[in-house]
Every structure is written in C-alpha cells, then in structure tokens.
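Throughout, read-outs are computed from the coordinates displayed, never taken from laboratory work. This one's a predicted model, so the numbers in the text were calculated from it and none came from an experiment. A quick note on method: Cβ atoms are made from the backbone with ideal geometry, for glycine too, and the neighbour counts reach across all protein chains shown.
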Amino acid sequence: MNKARVLVTGGAGFIGRATINRLLKAKIDVVCFDLAEQIARNLHELNDMRSIGTLSLVQGSLLDRNMLREAVSGCDTVIHLAAMLGVKKTEANKLSCIEVNINGTDNLLAASVTSGVTKFIFASSSEVYGEPISNPVSEDDITQGKTVYAITKLAGEELVKGYAQMYPSMNYTIARLFNTYGEGQVAQFVLSKFVREVKSGRNPIVYGSGGQVRSYGHVSDVVEGIYAILNNPISNGRIYNLGNSSQVMTLVELAQLVINLVAPNSGLKVEVLGNFSGADRDSSREIHSRVCDTTRAKSELGYEPKITVSEGIRRISRQDCIHETWPILNAGE
C-alpha cells in the first residue's frame, strides 16, 4: 500500500536520489532532507524530478532538531539514509561520526514519534558484520564491526528497536546494504574510483593483496528492495540484507573488468600494491571476504536483483562527471 508522504533523509545523496526517483514514479509525495551543500550540488537533478511528482526540499542537519521536526511534519514514513560515510573520513573524525550517526538518528526518531510516523526504515550497512565467520553472511549471523562507522550503524539499529519497543505505534525495518554502487556515486567508493581512473588513462590501484572478495549491488536494485519494504507489512520488525548475491568477485577481478569494458585497448593494467599505504583503511580494518545472503529478502519481499556489475560499469562510464568526493562533510551520500 502506497504511503501518503515519505521523508527521505540524505535524499540528495547517491542512494537518496535513486530512492526519491523511485518513490515519485510510484506517485508518492516525498520530502528530501539533506545538507545545503549536498542539495546544491544535485539541485538540477532534484528539480528535474519535480516533473515526476511532488517533491519538497528541506535543508538541514540531523543535529538540528527544529529542522527535523519541520521535515518530518505530515509524513507517515521515514527512510533514514543520512549518515557520515567513508572509512578514512569517519576514522579521522570519530566524535563527529558518533554525533551524526548516533545522536542524529536519535534526534530523527524522537521527531518521528512526535509527528506520528508509522513506519521507520533504517539504512544500516554490511559493515556491522565485520569479518564474517562464514560466507554468504545472513541476517542472523553475529555482528562484529571493525570501524567506528560500523559501530554507529549497529547503535542506530538498536536505537530504532528501542524506540519501536517504547512506541509500538511506529513500525520499523532495518536494511543492511552491501557494497552499493552506481551512477552518481563519488569516487571515494571503489567501483566509481576504478572507472574514474581508467577513463582518465590511469591504472586502477588495488590495496592489499587484491584478493578481497565482495558482492556488488547496483543502486537501482537496492532501491527496489527499499521500495518492497515500504509496501509490504511483513517487513515490520525485520532485518534484511540488500545487495546482489550473484555478483561476487575479488578487487583485482573488479578492476580488470573495468579496464576490459571501459578502455579495452588502452594498455592499462591493474596495479596491486600488496600493502595499504595511502589507502582509506589499514590491514587491521580490512575485510577479506564478505558476501551477502539475500534469501530472506527474496522469500519475504520478492527481492530479485537484476543488474550485473558489467552493466553497472557501463552505466557509470557513460557519466560526464564522477565527483572525487562529497561537497564537504556530508550527511547522506
């Protein structure tokens, strides 16, 4: 059942814009909440979406309780995507990461309860699993995050559960996103970074052994999972992995695929450094193998990712511009 009005925090970010576009196409009114700098960078795209449906833009921070109350007013559903991201950035600014991702989520939950929100969808991360004991990793496996970002996401999950426990009129769902990529993502993330380097005629650089294994989910598939959560009451009180279990490869394989598809006759090659000098994470924080199990999302929500990494790379490479990083410290890329 479609919701009357949905607040998307971090709505001007990468996943946020794709989410808003999907909601508007479903004739759902949307409020986009994000930092002024993030909205300004993507204002043209957001304004274009207004030709699809009703979209309101609210500039503010998760730490601004007054702006949160304004943004959530009249909404019956919240999709909380906003967060401080990036391993290097969050590790270098631990207190800010904690403040935005934990205190900010608490502020949003309080505003949501006051406003009468009936469904709260929290975007968590595969980072909460840390290095899994076995793969593929399911929602029932233990959580053992290695980074401050992972810990803040896990704390956010518990905040959501706690509010729903105290205020049972507000249902919730937690979506743990796995290595989401696609058009519009900044080059702080591996696939956009590889494509940007190769398009610029530079060898893609892989830190560590290059044998690190991940499963890669295109943003449009992940957004379909979020939309399925929104429309299916079976999701209430549940946790779902959202990613693509079939698109599994090592970092070396990923970088080579980018070369093959974007610049096949360029003579470029994958550079494997064998260490983490200059990387955004060191060996103690590296995850060697993490692959998502989406069995629960498939059986309960009908979640079926469709886009291969090869198709995703082609889409990214067709962009005129891949931004190096966020406008400033952001709240929802």
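The fewest-to-most ranking of CYS321, CYS292 by surrounding Cβ atoms within 10 Å reads CYS321, CYS292. Pairwise Cα distances in region 194-305 exceed 20 Å in 53 percent of cases.
Return the FRET efficiency for the residue pair GLU91, SER209: r is the Cβ-Cβ distance, R0 is 30 Å, and the value is rounded to the nearest 0.05. Result of the calculation: an efficiency of 0.90.
Remark: TYR181, TYR172 ranked as TYR172, TYR181, counting other beta-carbon atoms within 10 Å and listing the fewest first.
Hey, got the dipole for region 235-333? About the Cα centre, +1 on K and R Cβ, -1 on D and E Cβ, debye to the nearest 20?
300
Taking other C-beta atoms within 10 Å as the exposure proxy, GLU304, GLU157 rank GLU304, GLU157 from fewest upward.
In the structure displayed, which of LYS269/LYS298; LYS25/LYS94; LYS146/LYS298; LYS119/LYS199; LYS27/LYS306 lie more than 31 Å apart, Cα to Cα? Don't skip to the answer; put the middle values down first.
Values: LYS269/LYS298 37 Å; LYS25/LYS94 38 Å; LYS146/LYS298 28 Å; LYS119/LYS199 42 Å; LYS27/LYS306 23 Å.
The pairs that break the limit, which is 31 Å between Cα atoms, are LYS269/LYS298; LYS25/LYS94; LYS119/LYS199.
With both labels modelled 7 Å from their Cα along Cα-to-Cβ, the MET166 to GLN319 distance reads 3.9 nm.
Near the amide H of SER125, under 5 Å away, which other amide H atoms are found, from residues 5 or more places off or on another chain, if H is placed in the peptide plane? Close amide H contacts, sequence-distant or interchain: LEU177.
Dividing the summed -39500 (n - 2.57) terms of all DSSP H runs of n ≥ 4 by the residue count of the chain sets its mean residue ellipticity at 222 nm at -11000 deg cm²/dmol. Projecting the Cα atoms of GLN247, GLY278, SER125 onto the charge dipole of the chain, computed from C-beta unit charges around the Cα centre, puts GLN247 farthest toward the positive end.
Between ARG296 and ASN260, the distance separating the two model label sites (each 7 Å from Cα on the Cα→Cβ line) works out to 3.4 nm.
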